[in-house]
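Written below as structure tokens is the structure these notes are about.
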2 protein chains.
Amino acid sequence: MTPSNFESLERTFHEPKRLAILSALAAGTEGLSFQDLKSDCRLTDGNLNRHLKVLQESAIISQKKTIRNERISTQIRLTARGRKAFIQYLESLEAVLKEAQGAIDTSTASKSTLPLGRKARA
Amino acid sequence: MTPSNFESLERTFHEPKRLAILSALAAGTEGLSFQDLKSDCRLTDGNLNRHLKVLQESAIISQKKTIRNERISTQIRLTARGRKAFIQYLESLEAVLKEAQGAIDTSTASKSTLPLGRKARA
């Protein structure tokens with residue numbers, strides 16, 4: 001058991017909706033418009049704004065207003081710092097996942113009745 | 001983008017300390033004493049009790065008091081239902097992780113400067 005793996009999970013990113021936002025933004029280098037991000041992550045205006053505020057305060061994202069088709073559009077990007085931190089978070093998450101899966105596998109293998117296709121061949 | 005992956009993350013398990021508790025309990029079939037679990041997960045009595053209360057209310061764990069060396073000891077186990085739900089959570093987490101890693105990989109591959117050992121051979 002290595003609790004440090006679990007403790008290293010960056011709290012800002014761990015919230016499922018923020019994970020969705022970060023993943024959507026990480027996919028491109030151009031960022032996404034507020035409307036596209038809202039639609040991709042199935043969020044309301046208020047919810048997305050609330051998450052973006054937290055992410056901007058931590059300098060994870062940047063927001064830029066532009067004029068598109070005579071309307072103001074907000075473009076949201078992952079900052080270089082944000083991308084780096086998100087990659088580190090994903091590495092921690094992978095370590096935590098592997099540890100938990102390892103725990104499940106160990107206890108499953110030690111049982112006399114083995115589920116999930118591990119039965120002896122007939 | 002498939003928001004359903006992110007939405008499927010079971011909130012009860014997602015909290016990092018609960019993830020640590022569940023992973024510790026999942027490793028064996030005999031469960032752990034309160035003291036061992038507390039020590040494994042680096043929690044205070046109050047914190048561990050608070051998490052166990054939530055997990056017991058959801059029938060994820062069971063607690064049983066036993067006498068050991070003339071002292072009352074509490075043994076904590078993952079229930080069958082808890083184990084199944086935890087495995088499902090880990091499957092969702094793996095899907096979310098892969099999606100996020102895929103997003104990072106895609107954007108990295110599309111950049112002109114490729115970090116992380118992806119440079120063209122000299």
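Candidates A:Ser23, A:Ser39: the one that is within 7 Å of chain B (Cβ to nearest Cβ) and in a helix (DSSP H, G or I) is A:Ser23. Scanning segment A:18-32 for residues that are without any contact (Cβ under 8 Å) to a residue 60 or more places away in the chain, farther than 15 Å from B:Leu93 by Cβ and either surrounded by 15 or more Cβ atoms within 10 Å (Cβ to Cβ) or in contact with a Phe, Trp or Tyr (Cβ under 8 Å, 6 or more places away or on another chain) (or both) yields A:Ile21, A:Ala24, A:Leu25, A:Ala27, A:Gly31, A:Leu32. The set of residues in segment A:1-56 being at pLDDT below 90 and more than 16 Å from the chain's Cα centre (by Cα) consists of A:Met1, A:Thr2, A:Pro3, A:Ser4, A:Asn5, A:Glu7, A:Thr29, A:Glu30. Would you check if there is a residue in segment B:58-65 being of a type outside the set (A, V, I, L, M) and out of contact with any Ser or Thr (no Cβ under 9 Å at 6 or more places or on another chain)? There is no residue in segment B:58-65 that is of a type outside the set (A, V, I, L, M) and out of contact with any Ser or Thr (no Cβ under 9 Å at 6 or more places or on another chain). Among the numbered conditions (1) at pLDDT 95 or above; (2) within 17 Å of the chain's Cα centre (by Cα); (3) in a helix (DSSP H, G or I), the only one that A:Ser92 does not meet is (1). Among the residues of segment A:51-65, not one is in a helix (DSSP H, G or I), β-branched (Val, Ile, Thr) and buried (at least 16 other Cβ atoms within 10 Å of the Cβ).
Listed residues B:Leu97, B:Leu90, B:Leu48; which is buried (at least 16 other Cβ atoms within 10 Å of the Cβ) and in contact (Cβ under 8 Å) with a residue 12 or more places away in the chain? When all the criteria are applied, what remains is B:Leu48. Selection within segment B:66-87: residues that are within 14 Å of chain A (Cβ to nearest Cβ) and among the basic types (Lys, Arg). The member of this set that is surrounded by the fewest Cβ atoms within 10 Å (Cβ to Cβ) is B:Lys84.
The values are calculated or read from the model by the stated rules, or taken from the named source; none is laboratory data. Not measured: the values here are computed from a predicted model. Backbone-built Cβ (ideal geometry, glycine too); neighbour counts: all protein chains shown.
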